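The values are calculated or read from the model by the stated rules, or taken from the named source; none is laboratory data. Computed from a predicted model, the values in this text were never measured in an experiment. No Cβ is skipped: glycine too gets one built from the backbone with ideal geometry, and neighbour counts run over all protein chains shown. Remember, those area values only see protein heavy atoms, side chains included, never the ligands or the DNA or RNA. Shrake-Rupley method; radii C 1.70, N 1.55, O 1.52, S 1.80 Å.
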Amino acid sequence: MKKNPLLEELFELIASLETAEDCEMLFEDLCTVKEIEQMAQRIAAAKLLIEGKTYQQVIENCDISSATLSRVSRCVRYGEGYNKFLK
């Protein structure tokens, strides 16, 4: 990702949070409830994919669209974040 001062400031702010409650307060201010739910849904889907569940099992458990699941799956396979933090 290209260096962007605004993004760097956002990531530094998130990294400075100390508790789940701090995260909740910040994300409630930054995001809509739906956006937070969608992020949680993606994390749940990534966990299931890492556990070896099929697309159908993930869709049934997470009520996630196939397009979003495809992106999550690509990130699980080729990205670093999900695998680092969910294993």
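The figures follow:
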| quantity | calculated |
| --- | --- |
| Accessible area per residue in Å² at 1.4 Å probe, computed on the chain | 80 Å² |
| Rounded tilt (10° steps) of 20-30 against the dominant C-alpha axis of the chain | 80 degrees |
| Proximal charge balance of GLU80 [Cβ under 13 Å; K/R count +1, D/E count -1] | +4 |
| Carbon/sulfur fraction of accessible area - the chain, other protein chains in place, 1.4 Å, % | 54 percent |
